[in-house]
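Asker: Below is one structure. I have some questions about it.
The values are calculated or read from the model by the stated rules, or taken from the named source; none is laboratory data. Since we're looking at a predicted model, the values are computed, not measured. Cβ sites come from the backbone with ideal geometry, for glycine too, and all protein chains shown count toward neighbours. These accessible areas exclude ligands, DNA and RNA; they are computed on the full protein's heavy atoms, side chains included. Shrake-Rupley method; radii C 1.70, N 1.55, O 1.52, S 1.80 Å.
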Amino acid sequence: MANRAGTSTAVVSYVLNNGPRPVSELLRAKVISAIDELNYRPDVRARALRRSRRWRQIGLLVPDLTLPLFGEFVGRIEIEARARDHLTLIGNTGYDPERELEFAAAFAEVGVDGLLVVGAANAPGTANLCRQERIPVVWMHNIRGEVEADIVGVDHVNAGALVARHLLDVHGCRDIAFVGGFTEDDVHHGDRETVQQRFEGVAAVVGHDLPLIRTDLTPSGAYAAVGEFLRRAEHVPRAFVVGTYGQAAATIRAIIDAGLRVPGDIGVVGFDGSAVDYGQVRLTAVQQPVDALARQALGLLLGDAPVAEDGLVPALRVGETCGCA
């Protein structure tokens with residue numbers, strides 16, 4: 001480039017790095033012209049290695065920022081990363097495998113020090129890209145596809161069993177139906193792997209003939225499916241277990257619009273949601289230890305000592321929708 005511009009390599013460096021010495025407008029114009037002719041593209045990763053900096057960077061991929069659980073993960077991870085002098089670059093993948101790869105490649109290009117993936121839609125592809133780019137990667141919550149790595153998350157089968165045992169042991173209720181979907185035909189956009197694991201946990205407690213109200217994982221899908229089920233059902237179950245937090249309110253609305261009471265006629269239990277619930281009726285739900293999960297994931301990614309795994313267990317928050325006062 002220096003030869004093309006007819007100047008020294010030092011002058012080229014001063015133009016590219018905006019210093020440390022001034023360059024005349026004539027020389028700057030020659031260097032910029034040479035850059036355009038050669039289609040030169042600076043290596044931002046090499047530049048980042050040379051530059052001393054306080055802030056380092058991690059990439060964070062999430063499947064849907066509009067969902068409360070993933071929003072909680074992002075908020076907590078950002079706080080934990082900032083405390084370690086890391087800025088967080090966030091990509092919202094929309095459960096799109098190709099978009100996930102695009103974000104991972106873009107983050108590699110800007111020189112992130114590691115990648116954290118929550119709810120991966122293309123775990124094998126993303127893992128392969130990170131291996132090629134020599135970027136550490138940690139998986140959270142759940143993944144789609146197989147990788148040779150542990151996932152930082154709770155046992156969702158255990159979470160399903162936890163709500164079922166509450167209904168059975170406290171309310172004497174085995175007459176339960178499950179609201180959710182987990183096949184590709186049911187769900188095009190959503191965390192179907194987690195829903196399936198929760199279904200398996202409930203079925204292990206109440207029996208494998210557990211009725212399934214199939215729905216996609218949207219509130220409108222749950223409202224329509226539950227309403228249709230109640231209109232057609234010869235027998236109405238005493239309780240519904242709802243596979244995702246985003247569908248719980250829609251399920252309750254469908255029950256009420258069918259002329260039934262929650263929890264008087266049908267109890268409702270679910271998963272996730274805020275630890276503090278100011279709704280008119282508080283949802284009984286199994287919750288994940290978001291803070292502990294974020295610390296564990298960041299510890300693994302950045303080489304800190306991770307917290308003990310026995311702290312990563314779901315806990316039941318008892319509200320009123322199950323029938324408890």
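Asker: Quick one: in segment 184-212, which of the residues that are assigned to a loop (DSSP other than H, G, I, E, B) and free of Cβ contacts under 8 Å to residues at least 24 places away in the same chain is nearest to Ala297 (Cα to Cα)?
Answerer: Our first condition is that a residue be assigned to a loop (DSSP other than H, G, I, E, B); within segment 184-212, this holds for 184-191, 207-211.
Among the residues that remain, those that are also free of Cβ contacts under 8 Å to residues at least 24 places away in the same chain are: 184-185, 208-209.
Numbers: Glu184: 29, Asp185: 32, His208: 34, Asp209: 37 Å.
Looking at the filtered set, the residue picked out is Glu184.
Table: residues versus (1) under 18 Å from the mean Cα position of the chain (by Cα); (2) not in a loop (DSSP other than H, G, I, E, B).
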site	(1), (2)
Glu98	yes, yes
Asp113	no, no
Gly125	yes, yes
His141	yes, yes
Val147	yes, no
Asn158	no, yes
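Asker: Related question: Condition check: under 30 Å from the mean Cα position of the chain (by Cα), open to solvent by 10 Å² or more (accessible area, probe 1.4 Å) and modelled with pLDDT under 95. Does Gly246 satisfy that?
Answerer: Values: under 30 Å from the mean Cα position of the chain (by Cα): yes; open to solvent by 10 Å² or more (accessible area, probe 1.4 Å): yes; modelled with pLDDT under 95: yes.
Spelling it out, Gly246 is indeed under 30 Å from the mean Cα position of the chain (by Cα), open to solvent by 10 Å² or more (accessible area, probe 1.4 Å) and modelled with pLDDT under 95.
Asker: Scan segment 180-192 residue by residue and report those that are among the hydrophobic types (A, V, I, L, M, F, W, C) and open to solvent by less than 10 Å² (accessible area, probe 1.4 Å). Give the steps one after another, and end with the answer.
Answerer: Step one: filter segment 180-192 for residues among the hydrophobic types (A, V, I, L, M, F, W, C), giving 182, 187.
Within segment 180-192, just Val187 meets the criteria.
Asker: Of the residues that sit in segment 63-87 and are part of a loop (DSSP other than H, G, I, E, B) and not aliphatic (A, V, I, L, M), which one is surrounded by the fewest Cβ atoms within 10 Å (Cβ to Cβ)?
Answerer: First, the residues of segment 63-87 that are part of a loop (DSSP other than H, G, I, E, B): 63-67, 84-85.
Next cut, not aliphatic (A, V, I, L, M) only: 63-64, 66, 84-85.
Working: Pro63: 25, Asp64: 19, Thr66: 9, Arg84: 13, Asp85: 11.
Selected residue: Thr66.
Asker: Could I ask something else about it? Which of the numbered conditions does Ile256 fail, given that it passes all the others? Conditions: (1) part of a helix (DSSP H, G or I); (2) in contact (Cβ under 8 Å) with a residue 12 or more places away in the chain.
Answerer: Unmet for Ile256, out of (1) part of a helix (DSSP H, G or I); (2) in contact (Cβ under 8 Å) with a residue 12 or more places away in the chain: (2).
Asker: Do we find a residue being touching a residue at least 40 places away in the same chain (Cβ under 8 Å) and small (Gly, Ala, Ser) anywhere in segment 170-179? Don't jump to the end; show me each part of the working.
Answerer: At the first step, the residues of segment 170-179 found to be touching a residue at least 40 places away in the same chain (Cβ under 8 Å) are 170-171, 173, 175-179.
Subset that is small (Gly, Ala, Ser): 177.
So far as segment 170-179 goes, yes, one or more of its residues are touching a residue at least 40 places away in the same chain (Cβ under 8 Å) and small (Gly, Ala, Ser).
Asker: Suppose we keep only residues that are touching a strand residue (DSSP E or B) at 6+ places or on another chain (Cβ under 8 Å) and within 18 Å of Ala121 (Cβ to Cβ) within segment 145-179. Which one would you say is most open to solvent (accessible area, probe 1.4 Å)? First the steps, then the outcome.
Answerer: As a first pass, look at segment 145-179 and keep what is touching a strand residue (DSSP E or B) at 6+ places or on another chain (Cβ under 8 Å): 145, 147, 149-153, 156, 159-160, 162-164, 166-167, 171, 173, 175-179.
Then drop every residue that is not within 18 Å of Ala121 (Cβ to Cβ), which leaves 145, 147, 149, 151-153, 156.
On the way: Gly145: 37, Val147: 32, Ala149: 49, Ile151: 67, Val152: 10, Gly153: 22, His156: 6 Å².
The qualifying residue most open to solvent (accessible area, probe 1.4 Å) is Ile151.
Asker: Here is a follow-up. Provide a single number: the residues in segment 250-271 that are closer than 18 Å to Thr218 by Cα, open to solvent by 10 Å² or more (accessible area, probe 1.4 Å) and either at pLDDT below 95 or touching a strand residue (DSSP E or B) at 6+ places or on another chain (Cβ under 6 Å) (or both).
Answerer: 1
Asker: I've got another one for you. With Gly114, Gly91 as the choices, which residue is surrounded by 18 or more Cβ atoms within 10 Å (Cβ to Cβ) and without any contact (Cβ under 8 Å) to a residue 40 or more places away in the chain? Break it down into steps so the answer makes sense when it comes.
Answerer: Numbers: Gly114 fails: without any contact (Cβ under 8 Å) to a residue 40 or more places away in the chain.
Going through Gly114, Gly91 in turn, just one is surrounded by 18 or more Cβ atoms within 10 Å (Cβ to Cβ) and without any contact (Cβ under 8 Å) to a residue 40 or more places away in the chain: Gly91.
So that you can scan it fast, the table gives a plain yes or no per residue for (1) open to solvent by less than 30 Å² (accessible area, probe 1.4 Å); (2) of a type in the set (Val, Ile, Thr); (3) closer than 19 Å to Asp175 by Cβ; (4) under 21 Å from the mean Cα position of the chain (by Cα):
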residue: Thr194; (1), (2), (3), (4): yes, yes, no, yes
residue: Phe199; (1), (2), (3), (4): no, no, yes, yes
residue: Ala204; (1), (2), (3), (4): no, no, yes, no
residue: Gly207; (1), (2), (3), (4): yes, no, yes, no
residue: Leu212; (1), (2), (3), (4): no, no, yes, no
residue: Pro219; (1), (2), (3), (4): no, no, no, yes
residue: Val226; (1), (2), (3), (4): yes, yes, yes, no
residue: Phe229; (1), (2), (3), (4): no, no, yes, no
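Asker: Shifting gears a bit: Considering every residue within segment 189-203, establish whether at least one is modelled with pLDDT of 95 or more and more than 30 Å from Glu100 (Cβ to Cβ).
Answerer: yes
Asker: Could you please let me know if Val137 is crowded, with 22+ Cβ neighbours inside 10 Å and either farther than 29 Å from Gly270 by Cβ or not hydroxyl-bearing (Ser, Thr, Tyr) (or both)? It would help to see each step written out before you state the result.
Answerer: Details: crowded, with 22+ Cβ neighbours inside 10 Å: yes; either farther than 29 Å from Gly270 by Cβ or not hydroxyl-bearing (Ser, Thr, Tyr) (or both): yes.
Taking the combined requirement at face value, the residue satisfies it.
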